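Written below as structure tokens is the structure these notes are about.
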Amino acid sequence: MTADPGPQAVLEEARRQVEICNACRYCEGYCAVFPAITRRTEFADGDLTQLANLCHNCRGCYYACQYTPPHEFALNLPRVLAELRQESWTRYAWPAGLAERFQNSGLAIALALAAALALGFWAVAALPGGGEGFYAALGHGAMLAIFTPTFLFPLVALGIGLSRFWRETGGHPVTLADLREAAAAATSLGNLSGGQGQGCNYEREERYSDARRWAHQATMYGFLLCFAATSAGTVLHYLFAWPAPYPWWAPPKLFGVPGGVLLVLGTAGLAWLKTRADRELGAPRAWGGEMAFVLMLGLTGLSGLALYAATGTGAVAALLAIHLGAVFTLFLLTPYSKMAHGAYRFAALVRDAQGKTRRQPLGEERRE
């Protein structure tokens, strides 16, 4: 592969490598990618995109493979699938043109964060407050006006991207069984277990490690707990007329504080592991964008914890501006940054669950 291949070159190289893997089948038990390969006799573009988004980049297949360089086959399946994965997110993104910039450039994310922080400080300084806690610095109505479009627009954009992915990969109507199987794989991160429950080879090469799995789990569950805290606060505010601030025993705090801690620890672990892993086994051009995203996610959790700790002090206004800027950036860039990988990977797991009960090639499925 060239250092900067075009989309079609990435597809053709992925097809070449996957066809060799399908003939070899040594790695069949490593993760969901290889059983999915064996269920096909030929690979359309949509099949390759599905495999790329199913891959968790654990890299075990690379270190087990007898056909990696200097062999003439020169297989590097983790890299080519990572490149194809990035290309697919760019192609599905709506509006077009934003994803490539934010996926591949940490500088672009840093500039977006700086702009959002400036907006946060402006909002806190210029808009009226009203209430207790951080509402004294920025009123609930003003906060709602700022963040409602910030939350809804990314959902629409990501939904459009997922519908494009589903059509291209030949997805069928989703059943409860499909969702159940995909959720089990996603919540356990079974595809980072190395096939034998030993962990993956992400940062320790030939040796197995569960470090990435633990860090990813902490990040994922931390984010979900923080989201649950926000949702609980919304329910308490509108249904029970109980606005913030909340005592430590209320659901927003019981979810939010552990969630923030997990988010900070998880992202710190992921960032550290990225510095130890071989960049040539991922998508090298996207390394800066991925690292910036991880650090921004960590800043979101850290600023939220700091804001809670500063309750009742003069630091609330400044910390609120920083936290709102981080959250604003995180959500607004969701369809165009590494944040999108969670949605696409879950969709790929659902599609894989369907493929286990439909064993003919996807091309034949589309002609039915």
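The values are calculated or read from the model by the stated rules, or taken from the named source; none is laboratory data. Just so you know, these numbers come straight off a predicted model, no measurement behind them. All Cβ positions, even for glycine, are placed from backbone atoms using ideal geometry, and neighbour counts span all protein chains on display.
Test each condition in (1) under 26 Å from W242 (Cα atoms); (2) free of Cβ contacts under 8 Å to residues at least 40 places away in the same chain for G131 and report the one that comes out false.
That leaves (2) as the condition not met.
From the list A271, A229, exactly one residue is in contact with a Pro (Cβ under 9 Å, 6 or more places away or on another chain) and small (G, A, S). Which is it?
After applying the criteria, what remains is A229.
So the check is Cβ under 8 Å with 6+ separation or different chains; which pairs have a first residue in the range 50-62 that's at positive phi and a second one that's of a type outside the set (A, V, I, L, M, F, W, C) and in a helix (DSSP H, G or I)?
Note: pairs meeting the criteria are N57/P78; R59/P78.
Could you look through the range 94-115, keep only residues that are under 21 Å from the mean Cα position of the chain (by Cα) and small (G, A, S), and pick out the one that is nearest to M143 (Cα to Cα)? Write out each step before concluding.
Kept after step one, since they are under 21 Å from the mean Cα position of the chain (by Cα), are these residues of the range 94-115: 94-113.
Okay, now just the ones that are also small (G, A, S), so 96-97, 99, 105-106, 108, 110, 112.
Numbers: A96: 29, G97: 29, A99: 27, S105: 29, G106: 27, A108: 25, A110: 23, A112: 19 Å.
Checked the range 94-115; the qualifying residue nearest to M143 (Cα to Cα) is A112.
Report yes if H71 is touching a residue at least 60 places away in the same chain (Cβ under 8 Å) and either basic (K, R) or at negative phi (or both), otherwise no.
no
Restricting attention to helices (runs of 4 or more DSSP H) lying wholly within the range 66-133, give those where 1 or more residues are surrounded by fewer than 19 Cβ atoms within 10 Å (Cβ to Cβ) and at pLDDT below 85.
Numbers: elements: 77-92, 98-104, 106-126.
Ranges flagged: 98-104, 106-126.
Among the hydrophobic types (A, V, I, L, M, F, W, C), under 30 Å from P243 (Cα atoms) and part of a helix (DSSP H, G or I): which single residue out of F153, F165 fits that description?
On the way: F165 fails: under 30 Å from P243 (Cα atoms).
Exactly one of F153, F165 is among the hydrophobic types (A, V, I, L, M, F, W, C), under 30 Å from P243 (Cα atoms) and part of a helix (DSSP H, G or I), namely F153.
Sort out which residues of the range 168-180 are part of a helix (DSSP H, G or I) and over 12 Å from A348 (Cα atoms), and write them in order of number. Break it down stepwise before answering.
First pass over the range 168-180, keeping only residues part of a helix (DSSP H, G or I): 168, 176-180.
Across the range 168-180, the qualifying residues are L176, A177, R180.
Within the range 22-39, is even one residue assigned to a helix (DSSP H, G or I) and among the hydroxyl-bearing types (S, T, Y)? Explain how you work it out, then say what you get.
Let us first name the residues in the range 22-39 that are assigned to a helix (DSSP H, G or I), namely 22-24, 33-38.
Next, only the ones that are among the hydroxyl-bearing types (S, T, Y) stay: 38.
The answer is yes; a qualifying residue exists.
Given (1) touching a helix residue (DSSP H, G or I) at 6+ places or on another chain (Cβ under 6 Å); (2) modelled with pLDDT of 95 or more, identify the lone condition not met by V261.
(1)
So the check is Cβ under 9 Å with 6+ separation or different chains; which pairs have a first residue in the range 218-241 that's within 21 Å of F328 (Cβ to Cβ) and a second one that's among the basic types (K, R)?
Taking only residues 6 or more apart or on different chains, the pairs are A229/K253.
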